[in-house]
Amino acid sequence: MLNKVFYHCEIFIYYLTENSYFLNVPFYIFAKKKMRIFSILFCLVGIVSYAQTDVIENSNFQTNSSNMTYGTGAWAKSKPLDTSIQGSEYLFPSWDGNFLVTSKQGNQYKLFNLNYNLNTKKLETVMGKDSVFQYDVSQIDYIKSFNRKYKAINNEFYQELAQGDKISFLKGFYVSVMDGVVNPLTQQYTTPNRYIQKNKYFYLKGEQFQEIKLKKSDVLKVFGDKAEVIKKYAKEKNLSFGDENDVASLFRYYNTL
């Protein structure tokens, strides 16, 4: 119940202060009208008493139990939806969900409104029809959503398919536009332009972060002097070097050697 109160409190603050000026810290709000100041202070009383837990639940903002604000980012205007292109340029199919964000300092935050733009590489929260908040990805370690972990590397997010002390196997995401079909007589589209989400694969070994093709020779090369052991294991388990889940199994096995 308290989570719901916290959520509606944030929304209440946002709409009361939609014409205010914001700094780069989400919860720092400058309100001109006395009524707005009173409303904000009333909500912050509840936030201070609530923000003593290890994991802070928050629908739209980052918060910190010690100083009530965390991280940096920027407010931006929502760009108009390009209706000429079907599909989405965002990673997650829905903005609504249960997202656990862990900072590089080890603090954790629960967000219920979040998505990652594959074109701009921005992590965003929708704040109404006209604006979004874009988080500073350099301050984030990883995101968990629906039991999937997305690691921030070089200010982009990659899904961890296998993780270990020796090596990790990750999947990157990017989006392109597939042109629709145009009728040569009418010069009108018979099928629309469409966003196509594609993947690339990488391994992280110490500070070495490299792309890897899902081919037998490329995968085995990663494992160095353990290549023959991995090759034998793949044959015994009937694992395919072209399947990401099977390759993830090979990485997990390598981490046990």
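The values are calculated or read from the model by the stated rules, or taken from the named source; none is laboratory data. This is a predicted model, so every value here is computed, not measured. Because the Cβ atoms are built from the backbone with ideal geometry, glycine has one as well, and the counts that use them run over all protein chains shown. Surface areas here come from the heavy atoms of the whole protein model, side chains and all, with no ligands, DNA or RNA. Shrake-Rupley method; radii C 1.70, N 1.55, O 1.52, S 1.80 Å.
ALA152 satisfies every condition listed in (1) within 18 Å of ASN117 (Cα to Cα); (2) not in a strand (DSSP E or B) except (2).
Residue pairs whose Cβ atoms lie under 8 Å apart, separated by 6 or more positions or on different chains, with the first residue in the range 169-180 and of a type in the set (Asp, Glu) and the second open to solvent by 20 Å² or more (accessible area, probe 1.4 Å) and part of a strand (DSSP E or B), are ASP179/ASN193.
Total residues in the range 100-140 satisfying the condition of being in contact with a helix residue (DSSP H, G or I) (Cβ under 7 Å, 6 or more places away or on another chain), assigned to a loop (DSSP other than H, G, I, E, B), buried (at least 18 other Cβ atoms within 10 Å of the Cβ) and modelled with pLDDT of 90 or more: the figure is 0. When ILE196, ILE143 are checked against the criterion of being touching a Phe, Trp or Tyr at 6+ places or on another chain (Cβ under 6 Å), touching a residue at least 24 places away in the same chain (Cβ under 8 Å) and in a strand (DSSP E or B), ILE143 stands alone in meeting it. Taking the criterion of being in contact with a Gly (Cβ under 6 Å, 6 or more places away or on another chain) and more than 30 Å from GLY73 (Cβ to Cβ), would at least one residue in the range 211-229 satisfy it? Yes, that holds for at least one residue.
Being at positive phi, open to solvent by 20 Å² or more (accessible area, probe 1.4 Å) and of a type outside the set (Ser, Thr, Tyr) is the requirement here; does PHE146 meet it? Spelling it out, PHE146 is indeed at positive phi, open to solvent by 20 Å² or more (accessible area, probe 1.4 Å) and of a type outside the set (Ser, Thr, Tyr). Going through (1) of a type in the set (Gly, Ala, Ser); (2) in contact with a helix residue (DSSP H, G or I) (Cβ under 6 Å, 6 or more places away or on another chain); (3) at pLDDT below 95 one by one, SER176 falls short only on (2).
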